[in-house]
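Below is one structure; the comments refer to it alone.
What follows is calculated from the coordinates using simple rules that are stated; it is not laboratory data. Here the structure is a predicted model, which is why all the values come from computation and not from measurement. Glycine also receives a Cβ, built like all others from the backbone with ideal geometry; neighbour counts cover every protein chain displayed.
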Amino acid sequence: MKDVGLITGASSGIGKELARIHAEKGRDLVIVARREKELNDLKTELESKHDVSIKVIAKDLTAENAGQEIFDELTTAGIEVDYLFNNAGFGGHGKLHEQDWSLINGMMDLNVKALVKLTHLFLPGMVARGRGKILQTSSTAGYMPGPLQAVYFATKAFVNSFSWAIAAELEGTGVTVTTLNPGAVKTEFGEVADLEDTSLMDGARSARYTARKGYQAMEAGKLEIISEPVLKLALKGGLPFVPQRTIMGMVKKMQMKK
C-alpha cells in the first residue's frame, strides 16, 4: 500500500468525504468505524472508481484497547501510515446533570482518549521516516465554552490545545499536525447530538466542503483551518473582546430548541 491514510469515523460525514478525496488522489486507505457494512460499501465504491487499495477495520474506538489493536494489526501487515485523520467524534445535547454518564464517558473516550492514543502510536513511525501528516477534526466549539454541550465543547478545546502543542514539538521533523475547525456541518452529528431544530444548525455546510478545506490545509502543513471565513473573522477578530458570560449566553441560546 502507498501513501496510506488512516481515517477514523470513515463510515459517514466528514470522514467519508476525506476518504473519497484521499482516494481521488490515488492514495491508499485504512478506513475505521463501527459499522462494517458502510465501510465495505465505501471500499467497493472507492476501489471501483480509483486505482487504490482499501483496508477495512470495523472497530469501536471507545473500547479500551481499540487503538492498540488497530496499530498492531497494521504493523503485522507491514502497513505504514503516512496520513492520520483523527476524525471520529460525537456530541450530546442537554444540561450536564441531566445527561447519562455512559454517553458523557463515551464522548470523552472517543473525542479525546482515542485521538491521543492513535496520535501517540503512529507519530514515532512518521518521525523516524521524516514525513507524515495528521489532520485532527476539531470544531469552532473548541474556542469557547458551550452551555448545553459542555463536555463536547471542552473535548474540542482539548483537541486544539493538544494538537497545536505537538505541532510545535514536531517542527523540523517533516511531520505536521493540522486542526480542522468547522462550524455546523450537514452530517449525522446533528441528529446524534440532538441539535436538530436549533439555530446552531442553520446554514450548515456540506461534509464535502468541510473535508476539502481540511484536506487542503493539511497538505499545506497549516496549524489550523477554520473552514468558514465568517466564523474565522468572528472567532479571531471579535470573540476576544466579548465578555465571557455574553459569549456563553449566545452559545446557549443557539443550542436551545426553536
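State, as an integer percentage, the relative contact order of the stretch 1-95 based on alpha-carbon contacts under 8 Å between residues 6 or more apart. Show your work: numbers first, answer last.
Values: 151 pairs, mean separation 33.6, N = 95.
It comes to 35 percent, rounded to a whole number.
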Practice problem: For the stretch 22-33, just list the computed ³J(HN,Hα) in residue order, Karplus coefficients 6.51, -1.76 and 1.60, θ = phi - 60°, integers in Hz, with x standing in for Gly and Pro. | Solution: 4, 5, 4, 8, x, 9, 7, 9, 10, 10, 10, 5
Practice problem: Any lysines with Cα under 23 Å of the Lys95 Cα? List them, leaving off those in the same chain fewer than 8 positions away. | Solution: Lys113, Lys156, Lys252, Lys253, Lys257, Lys258
Exercise. Can you check what the Kirkwood hydrodynamic radius comes to for the chain, Cα pairs only, in Å to one decimal?
Key: 18.6 Å
Quiz item: Between Lys222 and Glu36, what is the spin-label point distance in nm, taking each point 7 Å from the Cα along the Cα→C-beta axis?
Solution: 3.9 nm
Quiz item: Whose amide H sits under 5 Å from the amide H of Val30, counting only residues 5 or more places off or on another chain, with H placed in the peptide plane?
Solution: Gly5, Leu6, Ile7, Lys55
Quiz item: Over the stretch 208-258, how many percent of alpha carbon pairs lie in each 10 Å bin up to the one with the longest distance?
Solution: 21, 36, 31, 12
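Which shape class applies to the stretch 59-158: rounded if a/c is under 1.5, otherwise prolate when a/b exceeds b/c and oblate if not, where a ≥ b ≥ c are the square roots of the Cα gyration tensor eigenvalues? Write down the numbers at each step before the final one.
Working: a/c = 3.76, a/b = 1.87, b/c = 2.01.
Verdict is oblate for the stretch 59-158.
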